[in-house]
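Working notes, structure below.
Since every read-out is calculated from the coordinates, none of them should be taken as a lab result. In this text, all values refer to a predicted model and were calculated from it rather than measured experimentally. Cβ atoms come from the backbone with ideal geometry, glycine included; neighbour counts cover every protein chain shown.
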Amino acid sequence: MKRFLYLFIGFIFLHNAIAQNFDISHANFDLKIDPYRQYVEGINTFEMKILHPADSIVFDARSKVAITNVRINKRKADFKQKENKAIIYGKFRSNKRYRITLGYHVTSPAQALYFTGWNNRNKNQVWTQGQGKNHSHWMPFIDDVNERFTWQTTIEFPAGYEVISNGRLISRDTLSNGSVRHLYQIERPAAGYLFFVGVGEYLVEKDTVSGIPHSKYHYPDAPKPDKTFYFSNRIFKLMPELIGMAFPWSNYREIPLRDFIYGGMENVTATVFSDDYVVNDTSWNDKNPVYILAHELAHQWFGDYVTETSSRHHWIHESFATYYGREAEKEIFGKNHYEFGNYFEWEQIVKKYHEGDTVPLFNGKATSLTFYQKGAFVLRMMRNRLGREKFREVIIHFLKNHPYQNVSTSDFKRSLYAVTGDSLNDFFERWFESAEIPHYEFALRQDSLIIQTESEVLIPVRLFYRNGTYRDIKTNHSVAIPDFDNFTFYLPDPGRQFLVETRWQLDSSKMFYALRAPLSDLDFFRVLKKMRPVPLKEKMRIFMDIAAWDYYYPVHREILYQTAAADDSVRARIGRLILKHGVQNRKTVAMSFAKVPRDLQEEFEGLLHDASYETREHALYALWNSFPEKRKVYLDRTKNTYGDQSRSFRMLWIMLALNTPEYLSHESARKYLNELVDYASPDWPVSTRLTALEYIDMLRLIDKKTAAYIKQAASYFHPALRNKARKISKKYHLD
């Protein structure tokens, strides 16, 4: 019996340890980083309160983290590392405060702390990524989103670099060994995974925006003019207005990182993002950073200021950040950009649903598409149901009643009830707890609109009339059409505001009424897609008119799609008209012609120097493919164009030059081929290496050098590069 009692008591202690029987209030991180050896030596000190009596407490520490000593309130303590845990032994009393100090070192951690460039020509950087990768891969830590605390960070690093962490920079001191010690402090409690350390060569642009210090980190060799942060200050002013609450931290930084594994990350006060978004005036038109900067800024409220209690509530982070990111884009780029962006995301959500993506939003195992795009769509529906002002009041109530706290969906529903008197249980059941996308079938029969659906959701339908007016109704059942004698056509869910599928028809006799109706560009596009079955000769005249009008570029893309089989002269006339409407329309034309009509040759030649590298790339290939007699001319005109950092344009140029007889001498051909292969080396960023690997695979350029580059890439930390290289390695048996 006594033996059983001892076992039972031992089980209680073990359970307490595993269940995490402490609450951290503050941490000190003391770090010395040697980037050339990829080595970190550190001391982590945690101030905590014990919640339950125990004879041990447990920290997360992966196998590469070597803990060298542990102290409890300055006294040396016993410890053991086992199964990615560090078990600290001692007599821990309930409601007592303790100071736990762990000394450790780690070399070349597998995840969460990354070194780029220190042994090649790539950019020298060090950076951390705690979310999803866990800091316990490189230091003793607590991998739990519910552990919130303040912290102070001291980083010793070789001189000559910007060293960055969370919060305010308190001091920067040069040491006798030539290193520099940086001291940072964050004064409000945040989830530990938001802890960040970053190092690189930067020029720092410092502003004060709305009373908050705001720093933007530029590369000294950034493409000129560096347009990366062109809208950054405007976004920073705009976001508190959209949300309804002032920025909740003492300062803010935005930092580009080389080979970053995601688009961006919302480390508290220190947003980082992939330097694929470092752009100049030309690359801006192919990939601008506005959404990623706005999305990560919104996370400073949703994710940082309030943090989910578990992955089931992950929508509170990502759905809100996506929603507000899109709202910021709307303010900067306008209604068409916003509405078409939402529409194409709706298409993607529905497509993935039919492919089996059926995990609901209120589930920790939902996909990124669900948490981000679908969640943002659902929030827009909630806003439309409540009204914009009430929705904003709910958000303000939710945030201000949970300052620097962990939250759940129930907390948000309580704010809904407090503001509106309704916690929207039916809405949450339909859109959060179910993955089903309602389906509606529409048909006209005599003077009625026939609707077949099993959904109780009322969706809007717009009825259009001969005099150019329209009438809106909301329904989920068949209805008689008012004033039927003057009725022309109907449009389900104008503006595509509901996450539903609608199958509807537009009689060919009504289509031309529809194209002259008062429609937004998005709804015009939806009607235009209904014209695909109409014979080309019946719609060509109106297509010419549309090409001349200044519609948003997907409208013109649809016209080019529907006229793909037209004569070259007709296609040239349409293309020439569309080219007059701006950079995105020019790109649309360039991407729509693999063969350039002779009548459009001059215009395409002008695109070789367009304000978009993607347009230039498509134009060069199309011209080279269409006019063999001028290939040398086109190659000469573009031989000094490299494109963005992916070097996609440059590598296409090399490929075309190598395949143009007598353009290159044998010596020049070898030189350019070596340049192409070199882009696969570790000296270049991931985006460049990915493009180079595609060409190496296409040309079957497998030799000792390329095999070495492929093998190095196959073990690199970046998943896209690693997966591409492993696929090629397997194909050519390089393992």
Can you compute the helix-only [θ] at 222 nm over the chain? Use -39500 (n - 2.57) per DSSP H run of at least 4 residues, normalise by all residues, nearest 500 deg cm²/dmol.
-11500 deg cm²/dmol
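How would you rank S250, S626, going from fewest to most other Cβ atoms within 10 Å of each one's own Cβ?
Working: S250 15, S626 18.
With the sparsest Cβ surroundings first, the list reads S250, S626.
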Cα-based shape type of region 438-507, given that a ≥ b ≥ c are square roots of the gyration tensor eigenvalues and the cut on a/c is 1.5:
prolate
To make sure I understand the rule: partners must be lysines, Cα under 19 Å from the Cα of K74, and not fewer than 8 residues away in the same chain. Which ones qualify?
K49, K91, K96
Would you mind working out the magnitude of the charge dipole of region 306-431 relative to its Cα centre, with +1 at each Lys and Arg C-beta and -1 at each Asp and Glu C-beta, to the nearest 20 Debye?
180
Using Cα positions and a limit of under 23 Å, work out the lysines in reach of K510, with same-chain residues fewer than 8 apart set aside.
K474, K529, K530, K537, K539
How big is the charge dipole of the chain about its Cα centre, in debye rounded to the nearest 20, if each Lys and Arg gets +1 on its Cβ and each Asp and Glu gets -1 on its Cβ?
1560
Which one, I186, L449, I72, is farthest towards the positive end of the dipole of the chain when Lys and Arg carry +1 and Asp and Glu -1 on their Cβ?
I72
With charges only on Cβ, +1 for K and R and -1 for D and E, what is the dipole size of region 426-542 about its Cα centre, in debye, rounded to 20?
920
Count, lysine Cα pairs under 29 Å in region 306-431, 8 or more residues apart or across chains
24
If R0 is 60 Å, what FRET efficiency do you get for A564 and R93 from their C-beta distance, rounded to 0.05?
0.20
When a/c is below 1.5 the answer is rounded, else prolate if a/b is larger than b/c, else oblate, so apply that to region 559-707 with a ≥ b ≥ c taken from the square roots of the Cα gyration tensor eigenvalues.
prolate
Taking the highest mean first, how do the peptides 56-68, 388-400 order by number of other beta carbon atoms within 10 angstrom per residue?
56-68, 388-400
Express the relative contact order of the chain as a whole percentage, based on alpha carbon pairs under 8 Å and six or more residues apart in sequence.
7
Indicate the gyration tensor shape class of region 642-735 (rounded, prolate or oblate), computed on the Cα atoms with a ≥ b ≥ c the square roots of the eigenvalues: a/c under 1.5 is rounded; otherwise a/b larger than b/c is prolate and the rest oblate.
prolate
Phi to ³J(HN,Hα) by Karplus 6.51 cos²θ - 1.76 cosθ + 1.60 over region 260-269, Hz, x for Gly, Pro:
4, 7, 10, x, x, 8, 8, 3, 4, 6
Rounded to 5, the percent of DSSP beta bridges in region 1-193 classed as antiparallel
90
Stretch D55-S310 to full length: gain in nm at 0.36 nm per residue minus the Cα-Cα span?
89.0 nm
Report, ordered by chain and residue number, the lysines lying within cross-link reach of K704, taken as a straight Cα distance under 20 Å and ignoring same-chain residues fewer than 8 apart.
K671, K724, K727, K730, K731
Can you match Rg/Rh (Cα atoms, Kirkwood Rh) to one of these, (i) 1.33; (ii) 1.09; (iii) 1.01, based on a calculation from the structure here?
(iii)
Length-normalised contact order for region 306-431 - Cα pairs under 8 Å, 6+ apart - percent:
35
